[in-house]
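What follows is a set of notes on a single structure, which appears directly below.
The values are calculated or read from the model by the stated rules, or taken from the named source; none is laboratory data. All values derive from a computational prediction rather than experimental measurement. Neighbour counts are summed over all protein chains in view; Cβ atoms, including those assigned to glycine, are modelled from backbone coordinates with ideal geometry.
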Amino acid sequence: MKKLMFLLGFILILSSCSSTRLVNQWESPDTPVYEANKILVIGMSTDSQLRRTFEDKLAAAIEKEDIIAVRSIDFFGDSFTDSDKTEEDLNKIESRLLDAGFDSVLISKVTGSEDKVNTVQAVRGFANDFQNFKDYYRINQEVYSNKQTESYRVYHTETAVFCLCPGKERELLWRGNFDVVDPYDTDRNVNDYVRTLLKTLQENELVIVPE
C-alpha cells in the first residue's frame, strides 16, 4: 500500500510539473544582487518563428515586472543574424546598446538534445482510478512487454545574463542550464521556459529584484 501511495503521489507531481527543469546554474560572486532597467532579449535559433515566439513571450513577461525589455528582432532586425560577428562588430554593437540605454543582455540557446524512453502504461492505468484488481491488472498487464514504452526528446538549453556595465566587457552575471521535454507543443514549452527562467532569476535577485 505504501508503494502504491508513493507511486500515486509521484504521478500527481508529474502531471502538474513544468516541461522545463533547471539543471544547474552559476552566479557571479561579485554581483550578489543586480536589478535591470532595460534589457535586450536574444533567442538564438535557426527557427525564425521559434525565435520570434520566445522573444515575444519573454519580453512581455519581463515588461510585467516594470523592466523595459526589447526583442533583438526589433532592435536589430534580420541584420543581426545575417553573418558571424567579429570582436570589432560586437564592440560596436555594445556601444550602440549603451547609447540606447541598455544595461543588460539575456541570451538563450539550445545546446543539444537526446532521445529518452519512458514507461507510461502503468501511469495511465493508475490515473483511471480503477476500483478492483481485475480491471487494474487487465489494463496494466502490458507492463510485462515493451508495449508500455514511449520515446521522447529532451532539449538541453542555456540562458546567460550579461551586464553592460561601463568599463567592463560584457560581464557574465548568471548562466543557467535547463532541460525541456515534450517539445511538440511549442507554446506550452516556451511559456514554461519563460516562467521557470523568471522564477529562477527572481530567486537569485538578478534582473528581477523582489521589493
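Details
- Taken as a whole, the structure leaves ARG51 outside the set of residues that are modelled with pLDDT of 80 or more, part of a strand (DSSP E or B) and either surrounded by 12 or more Cβ atoms within 10 Å (Cβ to Cβ) or not hydroxyl-bearing (Ser, Thr, Tyr) (or both).
- Subset of the stretch 26-43 (residues that are outside any loop (DSSP other than H, G, I, E, B) and surrounded by 15 or more Cβ atoms within 10 Å (Cβ to Cβ)): GLU27, TYR34, LYS38, ILE39, LEU40, VAL41, ILE42, GLY43
- Flag for ALA61 being in contact with a helix residue (DSSP H, G or I) (Cβ under 9 Å, 6 or more places away or on another chain), part of a helix (DSSP H, G or I) and among the small types (Gly, Ala, Ser): yes
- In the stretch 64-87, the residue that is farthest from the chain's Cα centre (by Cα) out of those that are at pLDDT below 85 and outside any helix (DSSP H, G or I) is THR86.
- Counted residues, the stretch 178-199 - those being under 15 Å from ILE107 (Cα atoms) and either part of a loop (DSSP other than H, G, I, E, B) or in contact with a Leu (Cβ under 6 Å, 6 or more places away or on another chain) (or both): 2
Rundown of residues vs (1) under 20 Å from LEU173 (Cβ atoms); (2) more than 19 Å from the chain's Cα centre (by Cα); (3) part of a strand (DSSP E or B); (4) modelled with pLDDT under 85, yes/no style:
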| residue | (1), (2), (3), (4) |
| --- | --- |
| LEU98 | yes, yes, no, no |
| VAL105 | yes, no, yes, no |
| GLY125 | no, yes, no, yes |
| ARG138 | no, yes, no, yes |
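- Single condition CYS17 does not satisfy, out of (1) under 24 Å from GLU158 (Cβ atoms); (2) surrounded by fewer than 16 Cβ atoms within 10 Å (Cβ to Cβ); (3) at pLDDT 90 or above: (3)
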